[in-house]
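One structure is given here, and the rest of the page talks about it.
Please treat every number below as a calculation from the coordinates, not as lab data. Everything numeric here is computed off the predicted structure, so don't read it as measured data. Using ideal geometry, Cβ is built from the backbone for each residue, glycine included, and neighbour counts are taken over all protein chains shown.
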DNA sequence: TTCAAAGAGTACCATTTTAGTGCTATTTGA
DNA sequence: TCAAATAGCACTAAAATGGTACTCTTTGAA
Ligand code: SF4
Ligand code: SF4
């Protein structure tokens, strides 16, 4: 279903909490209890986010995590990059993975364009938009229109 | 890595072959030998594509597959829908999957927008563009510019 | 000085998903 | 009637995912 991993999703939730909570330090246990996620999972994710440079950590007693930079400067693409590596919708979109069909295949370049378009969409949404009040989702990315009510409503194909 | 499944990728290759080969019937074995994929895999994929209505099949001797409609009317989104079900980047993007965080989570709506944007990008690329002559990839979707050389850092030309 | 609260790092396992294969039934032209 | 071809399951091996456990290091405070 072209889904991103649950952990990436959770990471977004965690970052959103940190962003909303302000600049103070928050322990993993604190974040876990506020978000409803498991403590070990939150701990693991915060570690990864710290390695990626999205949050900063303070060790020792009274330690914790906080956002490394303002929420406006953290994009959805950053989060995905941190947890899943660069977006690569096909094998040939990634530099280190080889596709043996590459010589016969003529569709690769088109997927590259799609890949780039997706990346742009991800880059365009920042954390402060993610936590924006539910009623006012201000998309800078206007393409969302006209795409039709695909994701939501009734006719759930559920073809799986 | 936000990757689509290999089978979906292969399906695209198969459809591209059918599109390029014209309106005649092609057997699964034929397609397999031309694309370099395994016969059982091709067979399975063509079955799925037939169920999704992207190709039509003729049973019996001298049977085979062909595109159900002109290549211009088959989009990348169609292919992904056929094999992976509707695009749903998060659990809450899909109607039949429940996320227990949905009450606490404030980021869902933003992901919905991203989801829609991705869907639009996929819908905008049709099969005839996928097989378009390598030198003239005409993107109707101009956003591909300016996104930077993200996907192919090094020598990943792949634009054959 | 000592202790306990935190994060850092690593390794591991259970589950799920993916990819591929095999087999049988059905259709249909020759 | 036969053989070529798709239709439809059912199954298995391999990989990715999600979650957990454990030890090590840092550091503020008693
Ligand atoms: S070369 Fe073709 S088949 Fe291989 S990963 Fe790229 S698009 Fe897919
Ligand atoms: S509700 Fe929030 S946590 Fe749950 S799937 Fe949607 S975005 Fe992710």
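If a residue must be in contact with a strand residue (DSSP E or B) (Cβ under 8 Å, 6 or more places away or on another chain) and either more than 7 Å from chain B (Cβ to nearest Cβ) or part of a helix (DSSP H, G or I) (or both), how many such residues does the stretch A:104-134 contain? Selection size over the stretch A:104-134: 5. For residue A:7, the criteria (1) within 13 Å of DNA strand C (Cβ to nearest atom); (2) in contact (Cβ under 8 Å) with a residue 24 or more places away in the chain; (3) farther than 15 Å from residue A:80 by Cα hold in every case but one, which is (3). In the stretch A:5-22, the condition of being within 13 Å of DNA strand D (Cβ to nearest atom), over 30 Å from residue B:20 (Cα atoms), part of a loop (DSSP other than H, G, I, E, B) and in contact with a helix residue (DSSP H, G or I) (Cβ under 8 Å, 6 or more places away or on another chain) is met by at least one residue. Looking across the stretch B:55-90, the residues that are closer than 14 Å to residue B:128 by Cα and either within 14 Å of chain A (Cβ to nearest Cβ) or not in a loop (DSSP other than H, G, I, E, B) (or both) come down to B:67, B:71, B:72, B:73, B:74, B:75, B:76, B:77, B:78, B:79. Restricting A:45, A:2, A:25 to those that are within 14 Å of the chain's Cα centre (by Cα), away from chain B (no Cβ under 11 Å) and within 15 Å of DNA strand D (Cβ to nearest atom) reduces the list to A:45. Surrounded by fewer than 18 Cβ atoms within 10 Å (Cβ to Cβ), farther than 30 Å from residue A:20 by Cα and out of contact with any strand residue (DSSP E or B) (no Cβ under 7 Å at 6 or more places or on another chain): which single residue out of B:62, B:98, B:66 fits that description? Answer to the selection: B:62. Within the stretch A:10-22, the set of residues being away from chain B (no Cβ under 12 Å) and either surrounded by fewer than 22 Cβ atoms within 10 Å (Cβ to Cβ) or away from DNA strand C (no atom under 13 Å from the Cβ) (or both) comprises A:21, A:22.
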